[in-house]
Amino acid sequence: MGGKTSFHSGFLTTPFAQYQGDKSPELSKDDLDWLIGKLYHFVMNTPKASDLLQSNFSYWLTYALQSAVSLYDEGAVQQICSLFYQLNSAENPDILISIFAQSLGGKFAGQTVAYAWMDSLFSATYDPRNTSAVVAIHYIFSQLLEQKGDALSNVVTKNMEEGSEKGKNAILVLTRALANATTPTTQSTAELLAKLLMGFVKKSPAILGTSLTQEIRHGSFQGKSGVYVLAGAINNAVDNNAKLIQLISDILIDLNKICSQDLIDALCKIHDQGPYKGKHVLHIILISLVSAAYSRRSSEAVKTLTHLVHHLWKKDTSEKVNLALMDTIHDGEHVNLNGIMMLVRAMVAAIDHQIPIAQISDFLVDLIQTGPKGLGDAFMHCAPESTIGDYTHSPLVLLISALQNTQDVVSKTNVHDVIIKLAGSKSAIEMLFSLSGDEKLFFIGELKKVHSLTDKQVTWLTETDSKTLKASSASLDSRFFLGKNSRCKGPHFFATFPPIPKADEQKNSYSKEDSYQRHDDREVSFGCCSL
C-alpha cells in the first residue's frame, strides 16, 4: 500500500477526534519513509510552537516511532529522534517537555507521549536488531533529563489515568525495559538503561523515590512497585552481568538514603501473585544471592548482593527487615523457607565454589549480635519436603557441617565466627534442643568454650537426649541468660538458679523473672544438674 493512500488529507491538522482516516494503519517501510518526510515538512512549515502542539504532530511522530521499532528500521528511529530533538531551541526551550506531557488518543489512548516513547524503548529491548533504536531513544531522555531535571521527572512519573496502561508510568516502563534486557546478548543495553534510571534518581531523588516505591494500583502489576521489578532484573542478571547488579544495587542504596521507610515497606511487602508469589523483594534478592554463590564467575555478584542486604538491614530502624529475614514463606515455589536459610545456603555454596564468604559471615554475626525476635526459630527451621537437599536441614546443621567439612582455613574461621555467635546468643538453649548426634556434641563443645561450662554440665548435656533436656529446662525460659559471661560480656548460658519448683509451685514461685538473678559464683541446683 502506498503511503499517500494510508492517510487522509489533513491527517496532521484535522482535530484528532474528527479525523475519519485509519488512526493505526499498518505501515510498510515505504509508508514509514513517506510519513517521516511529511512530518519533517510539517515542522518546517509550522514555525509557531503553539500550532505544533495543537496539531496531530505528536501522535503521528509517536506512531512513526513505534512502527519503526516494529520494522527494525533503525535508520527511521534515528531520523524520528533527530526530528524531535531539533525542535528544541532558544525560542522554544520547553517545547519537548510540553510534547512529552501531551495526552494521546487513538492507539495510545490514555498515554502521554513520554509513556508511549518509553514503551517503544521497552519494545526495542526484545531484539538485538533494535539496539541502536534503544540508544537513540535513550539519548532523547538522557539529554532532556540533563537539561530539564525535575520537569522531565514529573512527566515520566505521572501515572496514566485511563486506558490499558492505567496506573503505570514511564519510569515503571523503564524498569521493565531494564529487566527485559538482561540476556547475555543485551548486557550493554541493560547497563545503559540502568544508568539512565540512576540519572533520574540522582537528578530528582524525591520524585523518583516516591515513584519507584509506590504500589501500582491497577492492571497486571497491581500491588507491585518499581523496586519489585528491579529485584526481578537482579535475579535475571545474576549469572551473566555483575556490572548491572552493581548498578541496580547502587540505585537501591540511593533510594534507601532518600526514602528509607518507603523503600523498606516496598522491600518487605509479600506478593500474593505472579512469579514471586509468597515472597517479598528481599527474598528475591536472597534467591539471587544463592544463585550467584553457585558460580565462581559470580563472586562479584555475591559480594554486591551481600553488601546490599547488609546495608538495608543496618539502616532499618523499624525491625521490618529482621522480621522479613526470619519469617517463613507460606506460599509459592519456596514455601516453608526463610531468609536465614537462604543466607546460610549461599554461604555453603560459596565455600564449595571457592568464593570468599567473609561478607556473609560478617552480616550473620551482626544480625545474631542484635538478638532479633525469632532468631532461634529461623536457625532451627528446615523444610523436609523441599526438593533442594540443603533446605531439608536447618541452617544451624548446615553451618556445623560446613565447618567440619571445609578445608579452607579462612572459610572455616568465618563459619566458626557465626557458630560462636549463635552459641553466645539467647537462643542457644533452643538451638541445642534441635540437635542430636554429632551436631549436638559439637554444639555442646562450642557452648563450653563460650560459657565456661564445667565438666559436670557438659556431661549432663551430653548424656541427656534433647527431648528430655527440653522438658527439664522448659520452666527456666530466658533465665538461662540472666548471668554474665566474662568472655563475651553478654548473657551467660547457664545462670545460677534455685531448684525448679514442682508443677503446683511454679506459678507462685516464678512470677517475676528478676527475682531469680543470682551471683555467678553461688553454687545452687537448677533442677537438672548441680552447678
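Multiply the residue gap between Lys456 and Ser9 by 0.36 nm, knock off their C-alpha separation, and tell me the result in nm, one decimal place.
Answer, rounded to one decimal: 150.9 nm.
Rounded to the nearest 0.05, what FRET efficiency do Phe442 and Lys315 have when you use their Cβ-Cβ distance and R0 = 41 Å?
0.70
Can you pull the one-decimal nm distance between simple spin-label points at Glu91 and Thr210, each 7 Å off the Cα toward Cβ?
Reported label-point gap for Glu91 and Thr210 is 3.6 nm.
Order the peptides 57-68, 252-263 from the highest to the lowest mean number of other Cβ atoms within 10 Å of their residues.
Highest-to-lowest ranking by the protection proxy: 57-68, 252-263.
Mind checking segment 303-399 for trypsin sites (Lys or Arg not before Pro) that DSSP puts in a loop (not H, G, I, E or B) and that have at most 15 other Cβ atoms within 10 Å?
Those that pass, being in a loop and sparsely packed, are Lys373.
Fewest Cβ neighbours within 10 Å first, please rank Met198, Met160 accordingly.
Placing the least packed residue first, the sequence is Met198, Met160.
Once label points are set 7 Å from the Cα along Cα→Cβ at both Asn154 and Asp331, what is their separation, rounded to one decimal in nm?
If labels sit at Asn154 and Asp331, their model points lie 3.9 nm apart.
What number, rounded to the nearest 500 deg cm²/dmol, is the helix-based mean residue ellipticity at 222 nm of the chain, given -39500 (n - 2.57) per DSSP H run of at least four residues and division by all its residues?
-18000 deg cm²/dmol
Classify the chain from the C-alpha gyration tensor, please: rounded if a/c falls under 1.5, else prolate or oblate depending on whether a/b exceeds b/c.
prolate
Rounded to the nearest 0.05, what FRET efficiency is calculated for Lys449 and Leu323 with R0 set to 35 Å and r the Cβ-Cβ distance?
Step by step, r from the Cβ atoms, then E = 0.70.
Over the chain, what is the mean sequence separation of C-alpha contacts under 8 Å (at least six apart), divided by residue count, expressed as relative contact order in percent?
7 percent.
Go through 423-434, 93-104 and give me the packing order, highest mean Cβ count within 10 Å leading.
Descending packing order for the listed peptides: 423-434, 93-104.
Mind giving me the FRET efficiency for Ser220 and Lys107? R0 is 25 Å, r the Cβ-Cβ distance, nearest 0.05 is fine.
In this case the efficiency is close to 0.85.
What is the gain in length, in nm to one decimal, between Gln143 and Asp22 on full extension, counting 0.36 nm per residue of separation less the C-alpha to C-alpha distance?
Full-extension gain reported as 40.2 nm.
Nearest 20 debye, what's the magnitude of the dipole of the chain about its Cα centre given +1 on Lys and Arg Cβ and -1 on Asp and Glu Cβ?
Its charge dipole is roughly 700 debye.
Can you give the extra length, in nm with one decimal, that the chain gains between Ser164 and Thr392 once fully stretched, where that is 0.36 nm per residue apart less the Cα-Cα distance?
77.6 nm
Starting with the highest mean, order 168-177, 26-35 by the number of other Cβ atoms within 10 Å, averaged over the residues of each peptide.
Going by the mean number of other Cβ atoms within 10 Å, highest first, we get 168-177, 26-35.
Which value in Å does the Kirkwood hydrodynamic radius of segment 1-199 take, with 1/r averaged over all unlike C-alpha pairs and then inverted?
17.1
Between Lys29 and His307, what is the label-point separation in nm under the 7 Å Cα-to-beta-carbon projection?
So the label points at His307 and Lys29 sit 4.7 nm apart.
Distance from a point 7 Å along Cα→Cβ of Met44 to each backbone N in segment 7-33: keep the residues under 14 Å and list them by number.
none
About the Cα centre, and with charges only on the beta carbon of Lys, Arg (+1) and Asp, Glu (-1), how big is the dipole of segment 1-199? Nearest 20 debye, please.
160
Evaluate the relative contact order of segment 1-199 (contact order divided by residue number), counting alpha-carbon pairs under 8 angstrom at least 6 apart; express in whole percent.
Taking the mean separation of contacting Cα pairs over the length of segment 1-199, I get 17 percent.
Here, each number is a calculation from the coordinates, and none is a lab measurement. Keep in mind the model is a prediction, meaning the values are calculated, not measured. Here Cβ is always computed from backbone atoms with ideal geometry, including for glycine, and neighbour counts include all displayed protein chains.
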